[in-house]
Amino acid sequence: MSSPPLPHAWPADTPPGFHLLAKPSGSTCNIDCTYCFFLSKEALYPNDKSRMSDDTLEAYIRQLLESHRSPNVTVAWQGGEPTLMRVEFFRRAMEMVERHRRPDQVIEHTFQTNGILLDDEWCEFFAEHGVLVGLSCDGPKELHDAYRVDRLARGTFDRVMDGWRLLRKHHVEFNILCTVNAANQDHGRLVYRFFRDELGAKWMQFIPIVERASETTLAIANQGWSVRDDGRKRLLYTQTGNLVTERSVGSEQYGRFLIDIFEEWVRHDVGTVYVQLFDVTLEAFFGRHLLCIHAPTCGYGPALEHNGDLYSCDHFVEPDYLLGNIHQTHMVELMAKPEQRRFGQDKRDTLTTQCQDCKVRHLCNGGCPKDRFITSKAGEAGHNYLCAGLEAFFMHTGPAFSAMAQLLQQNKAPADVMATVKAEDQRRGPYVPCPCGSGEKFRFCHGPKAALSPFTGVTQR
Ligand code: SF4
Ligand code: SF4
């Protein structure tokens, strides 16, 4: 199958770079996590084995590299489960990258996996090519196995740990991708310590599970999203409805989960353990937004299906957000399409008044549009379901991040913040109830009289 060459004239509004997630096996997966609505996307490609052909692979790699004017390019593999494609497919991908890259391009390879199919061959391949592997794990066994199950509803924790041991054996760089859901939402510190102390993880990201449903779909959505072995069809998940499944994280609980982890991190691990949201929050103090979710606008994170269909975002793989197919239209033109620019700008232009007036808007920016389905305090539609938790997190951690930003401006290490926290703990004792009377037991209280910051010396509200 042919694919178009790079157009002679670079389209207006082309981004200099973007972060594409490629799904070589579509949404097909070898396990059956109950909360994974991506499994339902199989319905978009009925009677299709969902495997990327070498033609599509070559078109993808060439167009991705051609579409970047910035020298840094990330080649990111995701699913479904990409290990279903076998190692040879990715060896060919590596060879194509080397053949099509410009001399000035620096390539980062990432690979998100549930870890079940990892073996020595996979890990040797990752180590040989310096691939950063994202391993999905939701915490210790009892928390992980709550929803991360196989098609026979058996927990997958032990098999994931086998994969983790192989990654360690071959010295593969890995990060942990942990979802925050109804089962683990009350155990932030425990989950974090497990990753840090038991798995030796240095990089972590925490993704809230928010599965939308409506009154008519909630009951069936609560059963899960895959096609079961008995042939019962599930719904095609779309970002509609203003209810959530019982597996979804609560908004306040999400904030508490993050704050729990932050309280541990800010005392022990600044500069040695990297939590994605913490990194991007610190960057935001300098006006840099590295994560689309908390950037003012988005639209630079498209998803590529196995057949070359390009969608606006990994969370919007649904017919209304199909930009086109790279076998018909070059990726650079698809990314410059007015509807894709509009998709990204709507993130800013549809903020509720509550967001526009919010004290932490510069850090939060209203969160991801997929989560905007509740009404704001003023009764406007399209407010973020996670708002209460996000606001608590950004208010609570703001003083410490502000202190870290000041340290950076003074050419000092952000890790010096830990000495300040330690001194404050010694003065007041750790985890005592905050004197503001809010009942909050954390140091960086966001309660009504939170003028207690040891960092900024200013009232936080
Ligand atoms: S819709 Fe959400 S996940 Fe998608 S690009 Fe925008 S902020 Fe990112
Ligand atoms: S914390 Fe809530 S009100 Fe503030 S920007 Fe975020 S979603 Fe909007």
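Where a number appears in this text, it was derived from the coordinates with a stated rule and is not lab data. The shown structure was predicted, so the numbers you read here are calculated from the model rather than taken from an experiment. Virtual Cβ from ideal backbone geometry, glycine too; neighbours counted across all protein chains shown.
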(request) In nm, give the distance between the simple-model label positions of residue 348 and residue 423, each being 7 Å from the Cα along the Cα-to-Cβ direction. (result) 3.9
(message) Is the C-alpha gyration tensor of the range 264-387 telling us rounded, prolate or oblate? Criteria: a/c under 1.5 is rounded; beyond that, a/b larger than b/c is prolate, otherwise oblate.
(response) oblate
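Just to be sure I understand: of the beta bridges DSSP finds with both ends in the range 37-165, what percent are antiparallel, rounded to 5?
Counting DSSP beta bridges with both partners in the range 37-165, the antiparallel share is about 10 percent.
Given 0.36 nm per residue, what is the gain on full extension from residue 13 to residue 356 after removing their alpha carbon distance, in nm? Write out the running numbers ahead of the final one.
Numbers: separation 343, 0.36 × 343 = 123.48 nm, distance 2.59 nm.
Result for the pair: 120.9 nm of gain on full extension.
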(message) What distance in nm lies between label points placed 7 Å from Cα along the C-beta direction at residue 171 and residue 120?
(response) 1.8
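Just in the range 283-372: which trypsin sites (Lys or Arg not before Pro) are loop by DSSP and have at most 14 other Cβ atoms within 10 Å?
Here the trypsin sites (Lys or Arg not before Pro) that fit, given the DSSP loop and packing criteria, are 288, 359.
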(request) Please report, in debye to the nearest 20, how large the charge dipole of the chain is about its Cα centre when each Lys and Arg carries +1 at its beta carbon and each Asp and Glu carries -1 there. (result) 1080
(request) Could you pull out the chymotrypsin sites (Phe, Trp or Tyr not before Pro) across the range 261-345 that fall in loop regions by DSSP (anything but H, G, I, E, B) with no more than 14 other Cβ atoms inside 10 Å? (result) 286
(request) In debye, nearest 20, what is the charge dipole magnitude of the range 353-411 about its Cα centre with +1 on Lys and Arg Cβ and -1 on Asp and Glu Cβ, if you could check? (result) 40
(request) Among DSSP beta bridges whose residues both lie in the chain, state the antiparallel percentage, nearest 5. (result) 30
(message) What whole-number distance in Å separates the alpha-carbon centres of the range 399-428 and the range 28-81?
(response) 42
(message) Take residue 408 and residue 189, extend 7 Å from each Cα along the Cα→Cβ direction, and tell me the distance between the two endpoints in nm.
(response) 2.7
(message) I want to verify the translational diffusion coefficient of the chain in µm²/s; compute it with Stokes-Einstein, Rh as the Kirkwood radius over Cα pairs, at 25 °C and 0.890 mPa s.
(response) 105
(message) Helix-only estimate, please: 222 nm mean residue ellipticity of the chain, summing -39500 (n - 2.57) across DSSP H runs of length 4 or more and dividing by its residues, to the nearest 500.
(response) -10000 deg cm²/dmol
(message) Suppose every Lys and Arg Cβ carries +1 and every Asp and Glu Cβ carries -1, with no other charges. What dipole size does the range 236-353 come out with about its Cα centre, to the nearest 20 debye?
(response) 320
(message) Could you tell me the calculated FRET efficiency between residue 415 and residue 290, based on Cβ-Cβ distance and R0 = 22 angstrom, to the nearest 0.05?
(response) 0.70
(request) Rounded to the nearest Å, what's the spacing between the alpha carbon centres of the range 254-311 and the range 149-189? Just the number, please. (result) 20
(request) Determine the percent antiparallel among the DSSP beta bridges restricted to the range 133-230, to the nearest 5. (result) 10
(request) Could you tell me the convex hull volume per residue, in Å³, taken over the Cα atoms of the range 135-189? (result) 83
(request) Arrange the following residues from fewest to most other Cβ atoms within 10 Å of their Cβ: 376, 27, 2. (result) 2, 376, 27
(request) For the range 43-103, run through the trypsin sites (Lys or Arg not before Pro) and keep only the ones in DSSP coil with at most 12 other Cβ atoms within 10 Å of their Cβ. (result) 49, 69
(request) Specify which residue in the list 70, 7, 97 is farthest towards the positive end of the charge dipole of the range 1-143, using unit charges on the beta carbon of Lys, Arg (+1) and Asp, Glu (-1), about the Cα centre. (result) 7
(request) Would you be so kind as to identify which of 399, 109, 19 lies farthest towards the positive end of the dipole of the chain, taking Lys and Arg as +1 and Asp and Glu as -1 on Cβ and the Cα centre as origin? (result) 399
(message) Cut-off is 10 Å between beta-carbons; in what order do 310, 117, 57 appear when sorted fewest neighbours first?
(response) 117, 57, 310
